[in-house]
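Next up is a structure, given as structure tokens.
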Amino acid sequence: MSYVQTVLNNLKKQNPNEPEFHQAATEILTTLAPVVDKHPEYEASGLLERFVEPERVIIFRVPWTDDNGKVHVNKGYRVQFNSAIGPYKGGLRFHPSVNLSIIKFLGLEQILKNSLTGLPIGGGKGGSDFDPKGKSDREIMAFCQSFMAELYRHIGADTDVPAGDIGVGGREIGYLFGQYKRIRNEHVGVLTGRGLSYGGSLVRTEATGYGLVYIAEEAMKARGESFKGKTVIISGSGNVAIYACQKAQSLGAKVVAMYDSNGYIYDPNGIKLEIVKEIKEVKRGRIKEYIQHTAGATYTEGCSGIWTIPCDVALPCATQNEIDAKSAEILVKNGVKYVAEGANMPSTLEAIEIFQKSGIVFLPAKAANAGGVATSALEMAQSSGRMFWSFEEVDEKLKGIMANIYRNIDNAAKEYGYEGNYVMGANIAGFIKVATAMMAHGVV
Ligand code: NDP
Ligand code: 2IT
């Protein structure tokens, strides 16, 4: 049996009941065969076995009190996956579905994504099964303070730097930072996505969505095309979705549909983003309220129907496995030309295969959504240098980083004989840097 297959089989045996982790590991390991064939020293030093085993997994109790005085207990997680090329870096997700399998899949993906940015950041991820929906600000604060009362001892500006993900935005980062600063008596860049008044970076809020559109535009440019006049579908209506919509619209695209976890809106005249922002960012409401403010738009309960709307570009920006084989087939049948993943692992393995067989341009998450963490690394650079760059400066750097990622994944795919296969290109280009650093460090 091949080296990658042996590692994958052992991983499944040693980590049962972790389907999302198995899925991410399968996607990654099966593309690395040509690299490990070229480098027999990797197998000789157990490199892949070490690569798929987190350096450290921390699971902790998070007790907090609700507004009625009732005590709740949630689970907190931080998976410090790989620090070969820099301190652990990756977001925190607060969502009731969070479990070890989900945090490990996100952490594994993060290693290669962070490597692709070209910046010195390792891979980590964390979060909790806490559900922020419907909670008061005080309840959110109580939860964040309790979460940080344990997490603080494991993180640090040169050790592990968390940020946001699903359910963790500016408000949560503020409470987490306040508690860290209070306990450690240190005002340092230990979290990214901070507010601008206490060490944050311009463009971090917009970065993932903007970066997604920048890299998709690069792929279009290489084919003599652009966003101008294209019909776009974006799933989700959170941080990534909103700023992907804004940038796509500013480049002349028509975004016709978005969703939240209850259902989707379809506006054939083009989504009015100010209304979505007001509902989701200001009122923390539900996307169905959109149709009360717009003529001609419709709302449909349930999410998967969104993929039946004909489009040129699909940007899944909500969560894992939101596009299955059936949805992928419908998208292809309706003539989609580009799929770029804003969310982490939004396409199932079967969906990816369908996209690739059909010859459409498929940009996988670890390349396409790397703009967020790249800008986090720019925030870290500004923190440690005690500098504050302008919006234009950060935006230019982000654009450069996304163009560079596109070039690198395109070249890596070509070099290994898989031209146009950006899953191969992203995994190989991301892995080589991490593998080179791990080899230099010896067996650790
Ligand atoms: P937000 O919490 O801001 O928004 C999440 C959006 O996705 C909401 O519209 C939410 O709907 C929807 N959603 C979440 N879970 C589900 C579900 N199970 N089914 C359907 N819809 C769902 O998160 P972000 O925008 O930050 O993150 C979105 C995706 O992007 C995630 O996969 C995240 O890992 C990834 N990502 C985020 C980065 C960042 O910088 N924030 C960077 C790179 C990737 P509802 O409001 O109803 O819950
Ligand atoms: O998935 C991701 O890359 C993020 N949620 C952002 C991580 C970060 O550290 O900015």
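Quick note: the coordinates plus some simple rules give every number you see, no bench work behind them. From a predicted model like this one, the values you see are computed outputs, not experimental measurements. So basically every Cβ, Gly included, is an ideal-geometry build from the backbone, and we count neighbours across all protein chains shown.
Only sites in a loop by DSSP and with at most 15 other Cβ atoms within 10 Å count here; which chymotrypsin sites (Phe, Trp or Tyr not before Pro) in the range 357-444 make the cut?
F388
Could I ask something else about it? Which order do L331, L212, L100 fall in if you start with the one that has the fewest other Cβ atoms within 10 Å?
Details: L331 24, L212 32, L100 18.
Sorted ascending by nearby Cβ count, the order is L100, L331, L212.
Taking the Cα centroid of the range 368-393 and of the range 155-177, what is the distance between the two, rounded to the nearest whole Å?
First find each Cα centre; the distance between them is then 15 Å.
Over the range 74-153, what is the percentage of antiparallel beta bridges among all DSSP beta bridges, to the nearest 5? List each step's numbers first, then the result.
Values: 6 of 9 bridges.
If I count the DSSP bridges inside the range 74-153, around 65 percent turn out antiparallel.
Could you work out how far apart the two model spin labels at E53 and T65 are, taking each label as a point 7 Å from the Cα in the direction of the beta carbon, and quote it in nm?
4.4 nm
Using a Förster radius of 22 Å, what is the FRET efficiency between R284 and N262 based on their Cβ-Cβ separation? Nearest 0.05, please. Before the final figure, lay out the partial values.
Working: r = 14 Å, r/R0 = 0.62.
Between R284 and N262 the formula returns 0.95.
Need one number: nm distance between label points at L196 and K414, each 7 Å from Cα along Cα→Cβ, rounded to one decimal.
4.0 nm
Here is a follow-up. Report the FRET efficiency, 1/(1 + (r/R0)^6), for F391 and R223, where r is their Cβ-Cβ distance and R0 is 30 Å, rounded to 0.05.
On the way: r = 30 Å, r/R0 = 0.99.
It comes to 0.50.
Continuing with this model, one more query. What does DSSP give for the chain in terms of the percent of beta bridges that are antiparallel, rounded to the nearest 5? Working shown, then result.
Numbers: 25 of 46 bridges.
Among the beta bridges of the chain, antiparallel pairing accounts for roughly 55 percent.
Comparing A142, A241, A163, which has the greatest mean-square fluctuation in the GNM of the chain with Cα pairs linked when under 10 Å apart?
A142
Ok, one more. Taking 0.36 nm per residue of sequence separation and subtracting the Cα-Cα distance, how much length would be gained by fully extending the chain between S304 and L349, in nm to one decimal?
Numbers: separation 45, 0.36 × 45 = 16.20 nm, distance 1.69 nm.
Net length gain for the segment: 14.5 nm.
Can you give the convex hull volume per residue for the Cα atoms of the chain, as a whole number of Å³?
Spread over its residues, the Cα hull of the chain gives 139 Å³ apiece.
By what distance, in whole Å, do the Cα atoms of the range 251-387 stretch along each of the three principal axes, largest value first?
Computed over the range 251-387, the largest-to-smallest principal extents equal 49, 41, 27 Å.
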